[in-house]
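The values are calculated or read from the model by the stated rules, or taken from the named source; none is laboratory data. Computed from a predicted structure; not experimentally measured. Neighbour counts are summed over all protein chains in view; Cβ atoms, including those assigned to glycine, are modelled from backbone coordinates with ideal geometry. Quick note on the areas: whole protein, heavy atoms, side chains included, nothing else; ligands and nucleic acids left out. Shrake-Rupley method; radii C 1.70, N 1.55, O 1.52, S 1.80 Å.
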Amino acid sequence: MKRHALSTRLWHWLNLFCVVVLFMSGLTISNAHRLLYWGDWGFSRQQAWLEVPRFPDWMTIPGYYSLAVARDWHILVAWPFALGLLFMWAAMLLNRHFKRDIATSRREWRWSNIKRDIVHHLKLDFDHGDGKYNFLQKVAYGLVLGVFLPMMVFTGMAISPGLEPLLGWMVDLLGGRQSARSLHFIFAFAILGFFIVHLALVVLAGPYRQIRDMITGGRIDEA
């Protein structure tokens, strides 16, 4: 039996490409106005809750300051990112990947179980027992798939100049256009944090096998 379904592998690499391009082009867009606010509007440092540092050109797309080019990249890649997430959720529900491998049980939320899982991670013991993922992995993947990535889509739609007039209810639900922009920024860096931790764990757990299995599918019964 394959460790990773074809749908998971296709989405994984598509999503990686999209997230990298969206993040790097988003840094250019952030450089255009580095102040973040709550509510419907804001324009001065006194009203801002955060002033974002200016990101160097080597971290950005297109690699130099051009708000127009960065927006073109952002919008171009936003569509496969959103449609890919929708495809992944449909696939996870149809092949029961979410229920079987990611959904947690009430027993797993007991403090004794959580503490044991934390201790095992600190010892770099990534044994999953009978399941594909341990508790901390399930929570992390659940947050990314169920909260971080969907919120990037929703907040991005809310602050899009072309979609905002049609989605006034969504803007209001998120607390205003500037609140949606702040949330977009927060969730973008939450995804970056997950990516860094995920990459570190892949290296610690054996990068060759992890990357190979995400390309070929691997086998769940492989020792």
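General remarks:
- In this structure the chain gives 60 Å² per residue of accessible area when probed at 1.4 Å with all protein chains present.
- Annotation: Cα Rg of the range 101-218 relative to the compact-globule expectation 2.2 N^0.38 Å equals 1.34.
- Using alpha-carbon coordinates, inclination of helix 207-216 to the longest axis of the chain, degrees: 90 degrees
- Gaussian network model of the chain, springs between alpha carbon atoms under 10 Å - residue of Pro80, Pro161, Pro62 with greatest fluctuation: Pro161
- 33 Å tail of the calculated P(r), the chain, as % of Cα pairs: 26 percent
- Charge sum, other residues only, whose C-beta stays under 13 Å from Arg181's C-beta, Lys/Arg counted +1 and Asp/Glu -1: 0
- For Tyr64, the solvent-accessible surface computed with a 1.4 Å probe is close to 120 Å², ligands and nucleic acids excluded.
- A dipole drawn for the chain from +1 and -1 charges on Cβ atoms has a positive end, and of His184, Ala5, Phe55 the residue lying farthest that way is Ala5.
- Here the chain is treated with +1 on each Lys and Arg Cβ and -1 on each Asp and Glu Cβ, and its dipole about the Cα centre works out to around 560 debye.
- Dividing the C-alpha radius of gyration of the range 53-163 by 2.2 N^0.38 Å, with N its residue count, gives 1.44.
- Residue ranges 144-153, 22-31, 38-47 sort as 22-31, 144-153, 38-47 when ordered by packing (mean number of other C-beta atoms within 10 Å per residue, highest first).
- Cα centroid separation, the range 64-92 to the range 170-205 (Å): 15 Å
- For the range 101-162, the calculated P(r), taken from all Cα-Cα distances in 10 Å bins from zero up to the bin holding the longest distance, is 20, 41, 20, 14, 6 percent.
- For Trp89, Trp58, Trp73, Trp111, the ranking by accessible surface with the largest value first comes to Trp58, Trp111, Trp73, Trp89, using a 1.4 Å probe.
- Dividing the helix sum by the residues of the chain, where each DSSP H run of 4 or more adds -39500 (n - 2.57), gives a mean residue ellipticity at 222 nm of -19500 deg cm²/dmol.
- Once the Cβ-Cβ distance of Tyr141 and Leu166 is raised to the sixth power relative to R0 = 45 Å, the FRET efficiency obtained is 0.90.
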